[in-house]
Amino acid sequence: MPCILNIETATEVCSVAVSRDGQVIFQKEETKGPSHAVLLGTFVDEAVNMLRAQNLQPDAVAVSCGPGSYTGLRIGVSEAKGLCFGLNIPLIALNSLKIMANGVSKMKDLQDYTLLCPMIDARRMEVYDVLLNKELQEVRPVSADIIDENSFTDYLDKGRIVFFGNGAEKCKAVLKSETALFLDNVYPRALDMISLAEEAYVAGDFEDVAYFEPFYLKEFVATTPKNKVLADMGK
């Protein structure tokens, strides 16, 4: 199996993991807030230096490509592309929602639930989400949804759904159903990229490094901080 360096920056969590022959040989993760611009380069340098000390280098770089935080995705993809150019190795792109679902799908106590719904916070009551079966096949495609009490009713009436991710946390009070389960503290992690990245590598599912862009799903919307607005009003 290949040696793959995995980068995940789609949410407030920054994580890097390296796998070789299907085994984790390096892992670093920070969950306390969006500090990707500061930490990601350090994590990657540590990973590359660890490999060099063993006379190794990655066979590929896998990156979480979105949807998610515009800034986080841009930082992660830029770092991944730089590594691929510098080392002349291929780039693998993995959907951020599917990465989360890959981790949850391995939980043994969720056998009674038929569908997985990873959610990443967008803005207000909007989330990025996808519905997947236990084999991680799409039942409903990736979309940006404004959540209300009628969301997912067609699916919840037919079976049990597990909701998770930082977008699911704000939906608990809205989605009231006995067939819905909400998991806390689930986020995209580099560790959950490993099996997906290895499958993509074996299949030769690589991106064009020069032209690849993150999957933002929605255009970036710049907002003005509230204190700045109040200051301008006082002028």
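Observations on the structure shown:
- The trypsin sites (Lys or Arg not before Pro) of the range 30-86 meeting both criteria, a DSSP state outside H, G, I, E and B (loop) and at most 16 other C-beta atoms within 10 angstrom of the site's C-beta, are Lys32.
- Across the range 1-152, the fraction of Cα-Cα pairs farther apart than 20 Å, rounded to a whole number, is 53%.
- Restriction of the trypsin sites (Lys or Arg not before Pro) in the range 109-144 to DSSP coil positions whose beta-carbon has at most 13 other beta-carbons within 10 angstrom yields Arg124.
- The range 98-183: equivalent-ellipsoid semi-axes (sqrt of 5 x gyration tensor eigenvalues, Cα, Å): 18, 14, 12
- Those GluC sites (Glu not before Pro) in the range 85-161 that DSSP places in a loop and that have at most 13 other beta carbons within 10 Å: Glu135, Glu149
- Rounded to the nearest 20 debye, the dipole size of the chain about its Cα centre is 580 debye, using +1 on the Cβ of Lys and Arg and -1 on the Cβ of Asp and Glu.
- Summed residue charge, Cβ within 14 Å of Glu207's Cβ, Lys/Arg positive, Asp/Glu negative: -2
- Overall form of the range 1-71 per C-alpha gyration tensor (a/c, 1.5; a/b vs b/c): prolate
- Considering helices alone, the calculated mean residue ellipticity of the chain at 222 nm is -8500 deg cm²/dmol, with DSSP H runs of length four and up weighted by -39500 (n - 2.57) and normalised per residue.
The numbers here are math on the coordinates, done by the rules we state, and not lab data. Here the structure is a predicted model, which is why all the values come from computation and not from measurement. So basically every Cβ, Gly included, is an ideal-geometry build from the backbone, and we count neighbours across all protein chains shown.
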